[in-house]
Amino acid sequence: MRIMDFLSEKNITVDLKAKNKKEVIEELVGVLVNGGNVTDKKKMVQILLEREELGSTGIGQGIAIPHGKSDTVKELTAAFGLSQSGVPFEALDGEPVYIFFLLVAPEGTAGAHLKALARISGLLKDKYIRRKLTAAQVTEEIVKIIQEEEKATH
């Protein structure tokens, strides 16, 4: 499984406007709704916010991977968002978050969901990759960085 198998170029934004956790989730779910991947924005946002109440998906080092499962999604899909100014996201290290991977999957797809989370985590554990992603100015750069890294690791 490759990240670009579930992350479409149309679901990448390099200029998130959100200023807090709820706005980030709403903005990224909006990207998925506009892309035709999520059918019920309100319900998906609620599911993701409820997941955040269990513990922040802000994993530290400027990264958050909000995720959830819902019947408003037909297939495993992701949105990528980059915040130029950083967002307070209750990350484990208390630092602002710049890189967001929002991952959503249909109910009953735990295996694929976990594999996708592992792929995203694996990509983002490399600080060189994180630096390249946060420096990206356009969607095409994000795609290229992810594709090059996946070629190198597979």
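Annotations for the structure displayed:
- Of GLU53, GLU95, GLU75, all but one fail to be charged (D, E, K, R) and closer than 23 Å to VAL143 by Cα; the exception is GLU75.
- Residue match in the stretch 71-93 (condition: touching a His at 6+ places or on another chain (Cβ under 8 Å) and of a type outside the set (A, V, I, L, M)): no
- Residue check, LYS132 closer than 25 Å to LYS19 by Cα, surrounded by 15 or more Cβ atoms within 10 Å (Cβ to Cβ) and either touching a residue at least 12 places away in the same chain (Cβ under 8 Å) or not basic (Lys, Arg) (or both): yes
- Within the stretch 56-72, tally of residues that are buried (at least 20 other Cβ atoms within 10 Å of the Cβ), within 19 Å of LEU133 (Cβ to Cβ) and among the β-branched types (Val, Ile, Thr): 2
- Any hit, the stretch 19-35, residues being at pLDDT below 95 and either of a type in the set (A, V, I, L, M, F, W, C) or within 19 Å of ILE129 (Cβ to Cβ) (or both): no
- Only strands (runs of 3 or more DSSP E) whose full extent lies in the stretch 7-113 are considered here, and the ones with at least 1 residues that are aliphatic (A, V, I, L, M) and free of Cβ contacts under 8 Å to residues at least 40 places away in the same chain are 97-105.
- Of all residues in the stretch 1-55 being touching a helix residue (DSSP H, G or I) at 6+ places or on another chain (Cβ under 8 Å) and under 15 Å from TYR98 (Cβ atoms), the one that is surrounded by the fewest Cβ atoms within 10 Å (Cβ to Cβ): LYS17
The rows are residues; the columns are (1) surrounded by fewer than 12 Cβ atoms within 10 Å (Cβ to Cβ); (2) of a type in the set (Val, Ile, Thr); (3) closer than 27 Å to LYS43 by Cα.
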residue	(1), (2), (3)
LYS74	no, no, yes
GLY86	no, no, yes
PRO96	no, no, yes
GLY108	yes, no, yes
LEU114	no, no, yes
SER121	no, no, yes
LYS127	yes, no, no
GLU141	no, no, no
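The values are calculated or read from the model by the stated rules, or taken from the named source; none is laboratory data. Values in this document were obtained by computation on a predicted structure and should not be read as measured data. So basically every Cβ, Gly included, is an ideal-geometry build from the backbone, and we count neighbours across all protein chains shown.
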